[in-house]
Amino acid sequence: MEPIDPTPATSNITVRRGEPLVVVKDINKHYGELHVLKNINATVNRGEVVVVIGPSGSGKSTLCRAINRLETIDDGVITIDGVKLPAEGRALATLRADVGMVFQAFNLFAHKTVLENVTLGPIKVRGLSKAAAEKKAMALLERVGVANQAKKMPAQLSGGQQQRVAIARALAMEPKLILLDEPTSALDPEMINEVLEVMVDLANDGMTMIVVTHEMGFARKAADRVIFMAEGEIVEETTPEEFFTNPQSTRAKDFLSKIL
Ligand code: ADP
Ligand code: MG
């Protein structure tokens, strides 16, 4: 008989928790008078999947953009794999290459083929040969199920296919971390699952991910932690199970009553 695994099922989080990869410490951000990020503290460990959830305007995208240095911060410190932001010049380029980003709106290069979209970064930033980049890109397009679309232009693909290409493009850089900001919210309902499946596959593969999404199914299946934001603050931080079944704050309860 197989020995019984003594580790309880709930220890998944502990098992997958590596050392800190992203550390956000006391960051603040204003847009003019608007205080969009209020003393945010968060750590994402290597291999962890963190879902960020919260009402529109709560600062989720700003936080993602700050982590990728697409936005500056007023104060506080963000480190990625021990490297402090804001980095500049070459260091910033390296950092961006290490942090993959997938946005809500399909942001593929419209005038390049699917294949070119995926090979561009590895050739320009990582210095791969065209042949090596194409080989790698085809494998990634295969992985996300769109290899047969490689020669097409993005506009010829469905939204779900474009978003899967965007994920393949991010992966092609071999990032340390992938940020996905509402990757399924602009999709027609029938295309949401095909993108979520790719994301679950990545999560199971050990990719470190920060995912802004209201997709509870994804959170339950793949997230180690849920961070609930409201009005620029982290209001709750817990397991998906806890968050969805037993939210603590009035703001989380209100929010969940609207989306569930
Ligand atoms: P979320 O992603 O949670 O919906 P955002 O981070 O996009 O929230 O936005 C947080 C707040 O900051 C919102 O009130 C939004 O209107 C405001 N905001 C976002 N980007 C800008 C900007 N570039 N200039 C001014 N205000 C902005
Ligand atoms: Mg947003």
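Structure notes:
- From phi via Karplus (6.51, -1.76, 1.60), per-residue ³J(HN,Hα) for the stretch 39-50 in Hz, x at Gly/Pro: 6, 7, 10, 7, 10, 10, 8, 4, x, 8, 10, 10
- The Rg/Rh ratio for the stretch 114-153 is 0.96, where Rg is the radius of gyration of the alpha carbons and Rh is the Kirkwood radius.
- The largest-to-smallest principal axis extents of the Cα set in the chain are 60, 52, 37 Å.
- Per-peptide average of other Cβ atoms within 10 Å, ordering 88-95, 162-169 highest first: 162-169, 88-95
- The chain: calculated mean residue ellipticity at 222 nm from DSSP helix runs of at least 4, using -39500 (n - 2.57): -11500 deg cm²/dmol
- Modelled spin-label separation between Leu120 and Thr43, with each label point placed 7 Å from Cα along the Cα-to-Cβ direction: 3.7 nm.
- Cα gyration tensor shape of the stretch 104-197, rounded if a/c is under 1.5, else prolate or oblate by comparing a/b with b/c: prolate
- A cut-off under 10 angstrom between Cβ atoms defines the neighbours of Thr239, and their net charge, with Lys, Arg +1 and Asp, Glu -1, is -2.
- Whichever lysines have a C-alpha closer than 28 Å to that of Lys124, once near sequence neighbours (fewer than 8 apart) are set aside: Lys84, Lys112, Lys135, Lys136, Lys151, Lys152, Lys176
- For the stretch 131-260, the per residue solvent-accessible surface stands at 43 Å², with DNA, RNA and ligands left out and a 1.4 Å probe.
- Only the Cβ atoms of Lys and Arg (+1) and of Asp and Glu (-1) were treated as charged; on that basis the dipole of the stretch 144-260 about its Cα centre amounts to roughly 380 debye.
- When all protein chains stay in place and ligands, DNA and RNA are ignored, the 1.4 Å accessible-area order of Glu33, Glu197, largest first, is Glu33, Glu197.
- Between the listed residues Leu115, Ala105, Val51, the Cα displaced farthest toward the positive end of the dipole of the chain, a dipole computed from Cβ unit charges relative to the Cα centre, is found at Leu115.
- Quotient of Cα Rg and 2.2 N^0.38 Å for the stretch 168-260, N being how many residues it contains: 1.13
- Considering only Leu171, Gly160, Ala186, the residue lying farthest towards the positive end of the dipole of the stretch 136-197 is Leu171, judged by Cα position with unit charges set on Cβ.
- Accessible surface of the stretch 84-211 [probe 1.4 Å, protein heavy atoms]: carbon and sulfur percent: 52
- Distance from the stretch 227-260 to the stretch 23-69 (C-alpha centre basis), Å: 16
- Cα gyration tensor shape of the stretch 142-208, rounded if a/c is under 1.5, else prolate or oblate by comparing a/b with b/c: oblate
The values are calculated or read from the model by the stated rules, or taken from the named source; none is laboratory data. These figures come from a predicted structure and were not determined experimentally. Note that we place each Cβ from the backbone using ideal geometry, even for glycine, and neighbour counts take in every protein chain shown. What goes into the accessible areas is simple: the full protein's heavy atoms, side chains included, and nothing from ligands, DNA or RNA. Shrake-Rupley method; radii C 1.70, N 1.55, O 1.52, S 1.80 Å.
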